[in-house]
Amino acid sequence: SRGPATILVTGGAGFIGANFVLGALARGQKVVNLDKLTYAGNLDTLTSVKENPHHVFVQGDIGDRTLVARLLAEHHPAAIVNFAAESHVDRSIDGPAAFVETNVVGTLGLLECARDYWRALAPAQAEAFRFLHVSTDEVYGSLGADGKFTETTAYAPNSPYSASKAASDHLVRAFHHTYGLPTLTTNCSNNYGPYQFPEKLIPLVIQKALAGEPLPVYGDGLNIRDWLFVGDHCSAIARVLEAGTVGETYNVGGNAERENITVVKTICALLDQRRPLADGRKRESLITYVKDRPGHDRRYAIDASKLQRELGWSPSQTFESGIAQTVDWFLDNQPWVQRVLDGSYRMERLGQ
Ligand code: NAD
């Protein structure tokens, strides 16, 4: 018996990767989870699958060719899903080098190992093998008031983060065209939901608003992002992995464009209902405008109609249902957040 199909997931201790790993294990797949455990990797998120024999956690770098080649030879995955990345735009402004190291050089190492592994597979397995690269809509740059990013929009990355992701997307494309590696790429809009590291806008605002602290909003608060609930991103990736056409890219979005200030006010209103502040203040009064991020893209909007038309995917959550669920998750999981904030999450170790 061949047992359940194995996937090598990279970055599976991060926000989206861990949500994906939990879903894949729930569907009965076997997961080898390779993660370097940078500050963004959090094994607390994976405690529910600590004893699951279908989950093998390995601490390591996607750019470590010896390690990756060994994992591929040992576990014979049917697919690789690459989430591993430095992912925070503000950190990329302070220190771009780590972004190039992991997102570009690391992805190249992973691609080379994947190519060599794939070439040595038996024909039927080689035919079925997939390398899925998880990327962002930020590679397309900034939009004016109209229009949306499609899969054919020219790349125009503006931050060191998006430039490094754009470079990795191009390498993935080149590995398909040059070597025939069966790749797939997804470019997704901003995610939010359970287990998001509280440096990102939505969890940061939830935590500060809960504590009655000032809520920092960049610039005039009118920057627009499309927001997608993380579970919907994961279902899109699973769908592309299962039925996507090799060599293609798919945009993933929630059809949920919101100004940042609207996102913050929505969270304030939800928390005022659920946990009113003791002194009776409305949380909107905590909003504080701060100096804009340099090079801040004004608007992102994504056209995900290819994914819908060709593969029948659509998001299950609206922004309103997803954000309410997310606020409730953070209220119900304060110990998880506190261990991130006080640093103790970095003490947890799984497997080897
Ligand atoms: P994250 O920062 O929460 O997680 C990244 C994970 O990768 C962490 O667990 C980290 O330890 C690991 N990692 C970093 N460098 C590594 C390396 N060299 N080798 C192995 N592991 C390494 O990020 P996220 O928000 O979950 O994003 C996951 C992926 O999805 C990224 O590639 C990101 O570009 C992409 N993406 C994110 C969003 C979003 O809104 N968060 C939207 C679209 C695409």
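If you take the residues in the stretch 3-16 that are over 15 Å from the mean Cα position of the chain (by Cα) and not β-branched (Val, Ile, Thr), which one is modelled with the highest pLDDT?
So the residue we want is Leu8.
Could you list, in sequence order, all residues of the stretch 235-255 that are under 19 Å from Thr318 (Cα atoms) and surrounded by 21 or more Cβ atoms within 10 Å (Cβ to Cβ)?
Hits for the stretch 235-255 are Ala236, Ile237, Asn251, Val252, Gly253, Gly254.
What residue, of Glu101, Glu74, Glu51, is surrounded by fewer than 20 Cβ atoms within 10 Å (Cβ to Cβ), more than 17 Å from the chain's Cα centre (by Cα) and outside any helix (DSSP H, G or I)? Show your work before the answer.
Details: Glu101 fails: outside any helix (DSSP H, G or I); Glu74 fails: outside any helix (DSSP H, G or I).
Unique residue meeting the criteria: Glu51.
Which one is surrounded by the fewest Cβ atoms within 10 Å (Cβ to Cβ), of the residues in the stretch 117-163 that are of a type in the set (Ser, Thr, Tyr), more than 19 Å from Asn191 (Cα to Cα) and touching a helix residue (DSSP H, G or I) at 6+ places or on another chain (Cβ under 7 Å)?
Tyr155
Name the residue, out of Asn52, Asn42, Asn33, Asn19, that is within 22 Å of Arg339 (Cβ to Cβ), in contact with a Cys (Cβ under 7 Å, 6 or more places away or on another chain) and modelled with pLDDT of 95 or more.
Step by step, each of Asn52, Asn42, Asn33, Asn19 is checked, and only Asn19 is within 22 Å of Arg339 (Cβ to Cβ), in contact with a Cys (Cβ under 7 Å, 6 or more places away or on another chain) and modelled with pLDDT of 95 or more.
Do you know which of the residues in the stretch 1-44 that are away from the ligand (no atom under 12 Å from the Cβ), of a type in the set (S, T, N, Q) and part of a loop (DSSP other than H, G, I, E, B) is farthest from Asp61 (Cα to Cα)?
Applying the filter and picking the extreme gives Ser1.
Which helices (runs of 4 or more DSSP H) sit wholly inside the stretch 107-186 and have at least 3 residues that are in contact with a Gly (Cβ under 9 Å, 6 or more places away or on another chain)?
Of the helices (runs of 4 or more DSSP H) lying wholly inside the stretch 107-186, those with at least 3 residues that are in contact with a Gly (Cβ under 9 Å, 6 or more places away or on another chain) span 107-119, 160-179.
Which pairs have Cβ atoms under 8 Å, sit 6 or more apart or on different chains, and link a residue in the stretch 328-346 that is in contact (Cβ under 8 Å) with a residue 40 or more places away in the chain to one that is surrounded by 13 or more Cβ atoms within 10 Å (Cβ to Cβ) and of a type in the set (A, V, I, L, M)?
As it stands, the answer is Phe330/Ile206; Phe330/Leu210; Phe330/Val337; Leu331/Leu210; Tyr345/Leu43; Arg346/Leu37, since those pairs meet every condition given.
Residues in the stretch 46-76 that are touching a residue at least 24 places away in the same chain (Cβ under 8 Å) and away from the ligand (no atom under 14 Å from the Cβ): how many?
Residues flagged as touching a residue at least 24 places away in the same chain (Cβ under 8 Å) and away from the ligand (no atom under 14 Å from the Cβ) within the stretch 46-76 amount to 13.
Looking at the stretch 77-90, is at least one residue more than 9 Å from the ligand (Cβ to nearest atom), under 21 Å from Ser162 (Cβ atoms) and either of a type in the set (A, V, I, L, M) or free of Cβ contacts under 8 Å to residues at least 24 places away in the same chain (or both)?
Within the stretch 77-90 (the criterion being more than 9 Å from the ligand (Cβ to nearest atom), under 21 Å from Ser162 (Cβ atoms) and either of a type in the set (A, V, I, L, M) or free of Cβ contacts under 8 Å to residues at least 24 places away in the same chain (or both)), the answer is yes, since at least one residue qualifies.
Residue by residue, here is whether (1) away from the ligand (no atom under 12 Å from the Cβ); (2) within 30 Å of Ala174 (Cβ to Cβ); (3) out of contact with any Ser or Thr (no Cβ under 7 Å at 6 or more places or on another chain) holds:
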site: Gly219; (1), (2), (3): yes, no, yes
site: Leu222; (1), (2), (3): yes, no, yes
site: Asp226; (1), (2), (3): no, yes, no
site: Phe229; (1), (2), (3): no, no, yes
site: His233; (1), (2), (3): no, yes, yes
site: Val240; (1), (2), (3): yes, yes, no
site: Gly244; (1), (2), (3): yes, yes, yes
site: Glu259; (1), (2), (3): yes, no, yes
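The values are calculated or read from the model by the stated rules, or taken from the named source; none is laboratory data. On a predicted model such as this, the values are computed, not experimentally measured, just so you know. Using ideal geometry, Cβ is built from the backbone for each residue, glycine included, and neighbour counts are taken over all protein chains shown.
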